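The values are calculated or read from the model by the stated rules, or taken from the named source; none is laboratory data. Keep in mind it's a predicted model, so treat the numbers as computed, not measured. Ideal geometry is used to build each Cβ from the backbone, glycine not excepted, and the neighbour counts take in all protein chains shown.
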Amino acid sequence: MSSPQPLPHTLSRKRTKRRRPSRWLKQMFLISTLLFSLFTLSAIGFLFGTEKGVELREWAAGTLLTTQHAHWAVYTFLPEDRLAELRRQIMYPKAINSESAEVKQPVVLPPIPEPDLPKQPDKPREPVEIEDVYVEKDNYYFRGKIMYIHDPRRVRLLVTNRKDRGDLLDEFAAKYNAIAVVNASGFPDPDGYGKGATAYGLVIQNGKILQKYNPQNGETALGITYDGKLVTGRYTAEELIAMGVRDAMSFRPQLIVGGKNLFADQPAKSWGIQPRTAVGQKADGTIVFAVIDGRQPGHSIGASMNDMAALLEERGVVNAMAMDGGSSSMMVYKGEAITRTSSPYHRGRYLPNAWAVMPEEADS
C-alpha cells in the first residue's frame, strides 16, 4: 500500500521556502554592487573633479617617485607635464654652496647680571641630547627623534668593510663602539632587496676619497671638516678635501643653507610623505640628527621635505641636508634602535655607511 502523497499546496509552500535564501542572497549582491558602484563613482568624481582630489593624486605621485616603485606614479593619472615637473624637482633640486652663503648671525643680547651666589660644581654634559618629536598636520601625523651632538668633532662617517653586503646600524655601532648612528647614503636597490654594499655618489672617509661623483647629477655633498664644521653644496671631492673636510657623502635635497629654508616656498607634495633622515648643524656648532618614522598608520605616517626643513629651522639649524629615507631611516643609540623602522626587519636595512657619534677617545 503506497503512502499518502502531500497535497499540492504543501509542495508549493516547501518550494517557496527553498527559494527564499537564494533570492535574499541575490538581493544582497545587487545592493552591494550598487553601493560599490556609487562609492567608486563618487571617489572618481572626487579624485578627478575636485581641487582637493587632484592635490591628493599629486601627493601620491610625489611619494611614489621617491621610492623604488617610481614607475607606478603614472597610475595616479596626472598629466605627463605635471609628472615630469615632479621628477625634475626630485632629481635636480635647488642647491647652494654653504661656504658662499651668508649665514644668519644670532642676535646677542647683553648679559643680565646674576646675584653673587656660591657656585655649584658643573655637572658633566652628556655627549648627546635627544628630543621626542610628534607633529599633527591636517591630514597626517608623524613621530621621530632629534639628536643634538654638542661636540661636532665626534661626528664621523662609518663605511662598511664588507663586500657581500652593508652593515646594519647596530652592527656599525658595535664594530666601532659608536654612541649613536643614523643612516647616510643611498644605494642601488632595483628590486627592494638591495644589500647596501655600495653607496651612491661621493664618499670621503678620514680625508681619503673612496668614491667620486659628478656634481651636475643633482646630488649635493654633506661633509664635516676636521674642526667640526658642516659644509654642504655641489662641491667636487677634491674641493672638499681642500676645504679641510674629513668625512663626506652625497644625497639630495638640501633643506637649509646659510639659515635659509630652501623649502619655505616649495610645494610639499613634490616629494610626498615618507620616513625621513636629515643631518644639520646649528649656529653654535651643534650637529643635529633627525629621523622621522613613517608608513606605519597608528604610529607615524611620515613627513614631507617641507616638514623636515621646518623642524630643523625651528631648532636653529643653519645648514642641513636630507639623507636616504624610506625603510633605511633609523636612529640607534647605545646599541638600541630608538626610532621605529618601516623595514620588515626590526633591525633595519643593510647600509653602505652611517653618520656616527664617536666616544671622546676617538677625537685624537
Note on Thr198: of the conditions (1) assigned to a loop (DSSP other than H, G, I, E, B); (2) without any contact (Cβ under 8 Å) to a residue 12 or more places away in the chain; (3) of a type outside the set (A, V, I, L, M, F, W, C), unmet is (2)
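Does Asn214 count as at pLDDT 95 or above and over 23 Å from the mean Cα position of the chain (by Cα)? Can you show your working first?
Values: at pLDDT 95 or above: no; over 23 Å from the mean Cα position of the chain (by Cα): yes.
In short, no.
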Checked Gln296, Gln281, Gln274 against criteria (of a type in the set (S, T, N, Q) and under 9 Å from the mean Cα position of the chain (by Cα)); the one match is Gln274
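Yes or no, residue by residue, for (1) in contact (Cβ under 8 Å) with a residue 24 or more places away in the chain; (2) within 19 Å of Val357 (Cα to Cα):
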position	(1), (2)
Ile292	yes, yes
Ala303	yes, no
Asn306	yes, no
Val317	yes, yes
Ala322	yes, yes
Val332	yes, yes
Gly335	yes, yes
Tyr345	no, no
_Regarding region 167-178, can at least one residue be identified that is over 23 Å from Tyr350 (Cα atoms) and assigned to a helix (DSSP H, G or I)?_
no
So, first residue farther than 13 Å from Val182 by Cα in region 135-149, second residue surrounded by 15 or more Cβ atoms within 10 Å (Cβ to Cβ) and among the β-branched types (Val, Ile, Thr), Cβ within less than 7 Å, six or more apart or across chains; the pairs are Tyr140/Ile273; Tyr140/Ile301; Tyr141/Val135; Tyr141/Ile301; Phe142/Val135; Phe142/Ile292; Phe142/Ile301; Arg143/Val133
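Confirm whether Ser342 is among the small types (Gly, Ala, Ser), in the same structural domain as Val182 (by TED's automatic domain parsing) and closer than 21 Å to Ile179 by Cα. Break it down stepwise before answering.
Working: among the small types (Gly, Ala, Ser): yes; in the same structural domain as Val182 (by TED's automatic domain parsing): yes; closer than 21 Å to Ile179 by Cα: no.
Taking the combined requirement at face value, the residue does not satisfy it.
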Screening Lys212, Lys229, Lys208, Lys260 for residues that are farther than 22 Å from Pro127 by Cα, surrounded by fewer than 24 Cβ atoms within 10 Å (Cβ to Cβ), of a type in the set (D, E, K, R) and in contact (Cβ under 8 Å) with a residue 40 or more places away in the chain leaves only Lys260
